[in-house]
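One structure is given below, represented as structure tokens, and several questions about it will come after.
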């Protein structure tokens, strides 16, 4: 145990020094005294709460696993479809046709079929069937790239619209399962496709998707700037209500909410929550335009996520326990599960481990794949295993094993 404390302390000290932070500055950022941080770095004492551990990781720009790795031997499950998707994205089968436009080309894929397949994949994603979605995405990528170059000129905009939407789906799925770099590539391609489609709303969707990728990449400032610039570019959506534009404008402000929470900027969080709520009120109900699931319930879900990120478990529990997820469409299983995961993190921050485990089990019953692939849930399970009390949390060990933490 002493050797473990020393190893964790050394990792914190190395990360702190590499970022040019003094002990007193880092201690102030995570709400602890300089002397206590010094004791942690020297291995004299443990980090005293999961919220402090989370704050340390956030400030140091590291995953929690990088600070506490090798204690339980676990890690986030790798997404098996990622390599298939990477192969599809790097085939460049259409280059010969670009080089020699008059050469014989195969018949392009049917655009109606592509649209139908895309809807099926998006439904799989929102139902948290990430493995099944991932198995179908490579074929969609290959087909839409062929279509974008081979369909008649009159269908090009439609093909590029589908290309943008498919890369939105690819980026969202990969980002959810922590395949961040590949998610960024897909989101970046969606921007080019939206430009080729000459569709400003699709460009706004790309900004929305890219924002969440930047957050996962620990670039919250980039995410916030991008989201707010895109929201401003959408224009006066509240004075000229349009459901699609309202959903995107509100969704972009929710990106800014999570980005600001990662920067521990409560004023920015509250300001963007207020803007998102205005859009939700104007919209009037929960919708799912561009697969954003935007509406009043999703605003509350982001309020919960922000409170957990801040390490404000009391507010998080108040919001989470009062959330009525039955207002969401039946297929939005991921949104329902996220509420349980964030609520479990809040209970973990309060050291109510039995409650945290019970809620995690509920989340697993709704969506085992989201529990399996979510890095923050792995962080929580790792922390719970560190202070395991089997009599009070008999389901914890099995849950941690199924999630790949042990």
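The values are calculated or read from the model by the stated rules, or taken from the named source; none is laboratory data. Please read these numbers as outputs of a predicted model, since none were measured by experiment. Please note: Cβ atoms are built from the backbone with ideal geometry, for glycine as well, and neighbour counts cover all protein chains shown.
Take the conditions part of a helix (DSSP H, G or I), within 30 Å of residue 30 (Cα to Cα) and free of Cβ contacts under 8 Å to residues at least 60 places away in the same chain and apply them to residue 261. Does it pass?
yes
Kindly indicate whether any position in segment 366-375 is over 24 Å from the mean Cα position of the chain (by Cα) and under 20 Å from residue 313 (Cβ atoms).
Within segment 366-375, not a single residue is over 24 Å from the mean Cα position of the chain (by Cα) and under 20 Å from residue 313 (Cβ atoms).
I've got another one for you. Does residue 363 fit the bill of being closer than 19 Å to residue 320 by Cβ and crowded, with 23+ Cβ neighbours inside 10 Å?
Answer is yes for this residue.
Can you tell me which residue in segment 14-26 is modelled with the lowest pLDDT, limited to those that are part of a helix (DSSP H, G or I) and under 28 Å from the mean Cα position of the chain (by Cα)?
It comes out as 18.
Return yes or no: is residue 342 part of a helix (DSSP H, G or I) and under 24 Å from residue 394 (Cα atoms)?
Criteria met by residue 342.
Right, something else. Just give me the residues in segment 184-201 being in a helix (DSSP H, G or I) and either modelled with pLDDT under 95 or surrounded by fewer than 24 Cβ atoms within 10 Å (Cβ to Cβ) (or both), in sequence order.
184, 185, 188, 189, 191, 192, 195, 196, 200, 201
Got at least one residue in segment 273-294 being buried (at least 24 other Cβ atoms within 10 Å of the Cβ), in a loop (DSSP other than H, G, I, E, B) and touching a helix residue (DSSP H, G or I) at 6+ places or on another chain (Cβ under 6 Å)?
Looking for residues that are buried (at least 24 other Cβ atoms within 10 Å of the Cβ), in a loop (DSSP other than H, G, I, E, B) and touching a helix residue (DSSP H, G or I) at 6+ places or on another chain (Cβ under 6 Å), one finds at least one in segment 273-294, hence yes.
Go through the residues of segment 393-403 one by one and say whether even a single one is loosely packed, with under 15 Cβ neighbours inside 10 Å and assigned to a loop (DSSP other than H, G, I, E, B).
Scanning segment 393-403 turns up at least one residue that is loosely packed, with under 15 Cβ neighbours inside 10 Å and assigned to a loop (DSSP other than H, G, I, E, B).
So, one more: So which of 267, 230 is more than 27 Å from residue 316 (Cα to Cα), touching a helix residue (DSSP H, G or I) at 6+ places or on another chain (Cβ under 9 Å) and not assigned by TED's automatic domain parsing to the domain that holds residue 124?
Result: 230 is the single residue among 267, 230 that is more than 27 Å from residue 316 (Cα to Cα), touching a helix residue (DSSP H, G or I) at 6+ places or on another chain (Cβ under 9 Å) and not assigned by TED's automatic domain parsing to the domain that holds residue 124.
Here is a further query. Would you mention how many residues in segment 127-139 are touching a helix residue (DSSP H, G or I) at 6+ places or on another chain (Cβ under 7 Å) and surrounded by fewer than 21 Cβ atoms within 10 Å (Cβ to Cβ)?
7
A further question on this structure: All but one of (1) more than 18 Å from the chain's Cα centre (by Cα); (2) modelled with pLDDT under 80; (3) not in a helix (DSSP H, G or I) hold for residue 77; which doesn't?
All conditions are met except number (1).
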